[in-house]
Amino acid sequence: MIKYQLKCGSGCSFEGWFRSSEDFDSQAAKGALECPFCASTQIGRAIMAPAVVAGGGARRNERLEVMRETMAAAARRARDYVEKNFDYVGEKFPEEARKIHYGETRERSIYGEATGKEVKDLVDEGVSVAPMPAPAIPGDVAKKKLN
């Protein structure tokens, strides 16, 4: 695995992990990479310097905070996209997902609620499902829950 510092066409900076430099090159050429902040697909490697940190405690905490913020921003964007573009089916999610999977109703993107057992049963049947990021928690509460 290799970690790159990346920069999008809008100037946002973030990290990305890849199996190899060829993997990065291939994904970038296909436009398969996306900025977690602005959704730009113009992604390139930023100039990087080796990290030499003595002690590292405060610097480590700063890096962890940046990672938390980056992940939270990406999760918010994913949730917003789903809520704006998918049909909400509530507790009928398992039933509707099956109907779509088996061609009993028109194909469309849906989201809703399901128990762990219902999700496992759907996956066992070959129904494609993915968890949706939880709603944002206000900053101070989120930090307390993470620590």
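The values are calculated or read from the model by the stated rules, or taken from the named source; none is laboratory data. Because the structure is predicted, anything quoted here is derived from the model rather than measured. With ideal geometry, Cβ positions are generated from the backbone for all residues, glycine too; neighbour counts draw on all protein chains shown.
Show the residue pairs that are 6+ apart or on different chains and have beta-carbon atoms under 6 Å apart, the first residue being within the stretch 106-129 and free of Cβ contacts under 8 Å to residues at least 40 places away in the same chain, the second being acidic (D, E). So the pair list comes out as R108/D87; I110/D87; I110/E96; E113/E91.
If you go through the stretch 45-67 one residue at a time, how many are part of a helix (DSSP H, G or I), surrounded by 12 or more Cβ atoms within 10 Å (Cβ to Cβ) and either of a type in the set (D, E) or modelled with pLDDT of 85 or more (or both)?
If we filter the stretch 45-67 for residues that are part of a helix (DSSP H, G or I), which is where we start, we get 57-67.
When the remaining residues are screened for being surrounded by 12 or more Cβ atoms within 10 Å (Cβ to Cβ), the result is 59, 63, 65-67.
With the extra rule that they be either of a type in the set (D, E) or modelled with pLDDT of 85 or more (or both), the set shrinks to 65-67.
So the answer is 3.
Yes or no, residue by residue, for (1) exposed (fewer than 15 other Cβ atoms within 10 Å of the Cβ); (2) among the hydroxyl-bearing types (S, T, Y); (3) in contact with a Gly (Cβ under 7 Å, 6 or more places away or on another chain):
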position	(1), (2), (3)
E22	yes, no, no
D25	yes, no, no
T41	yes, yes, yes
R77	no, no, no
Y88	yes, yes, yes
I110	no, no, no
K120	yes, no, no
E125	yes, no, no
S128	yes, yes, no
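Here K120 fulfils each of the conditions (1) modelled with pLDDT under 90; (2) of a type outside the set (A, V, I, L, M); (3) assigned to a helix (DSSP H, G or I) apart from (1). One residue stands out among those in the stretch 17-27 that are at pLDDT below 90 and of a type outside the set (D, E, K, R): the one that is nearest to L6 (Cα to Cα), which is W17.
Listed here are the residues, each with its yes/no results for (1) of a type in the set (G, A, S); (2) under 23 Å from V127 (Cα atoms).
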site: Q5; (1), (2): no, no
site: C12; (1), (2): no, no
site: S26; (1), (2): yes, no
site: E69; (1), (2): no, no
site: A74; (1), (2): yes, no
site: R77; (1), (2): no, no
site: E107; (1), (2): no, yes
site: A114; (1), (2): yes, yes
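Would you pick out the residues in the stretch 3-17 that are surrounded by 12 or more Cβ atoms within 10 Å (Cβ to Cβ) and more than 21 Å from A78 (Cα to Cα)? Give the steps one after another, and end with the answer.
Here is the first cut: in the stretch 3-17, the residues surrounded by 12 or more Cβ atoms within 10 Å (Cβ to Cβ) are 4-9, 12-16.
Answer for the stretch 3-17, where residues must be surrounded by 12 or more Cβ atoms within 10 Å (Cβ to Cβ) and more than 21 Å from A78 (Cα to Cα): Y4, Q5.
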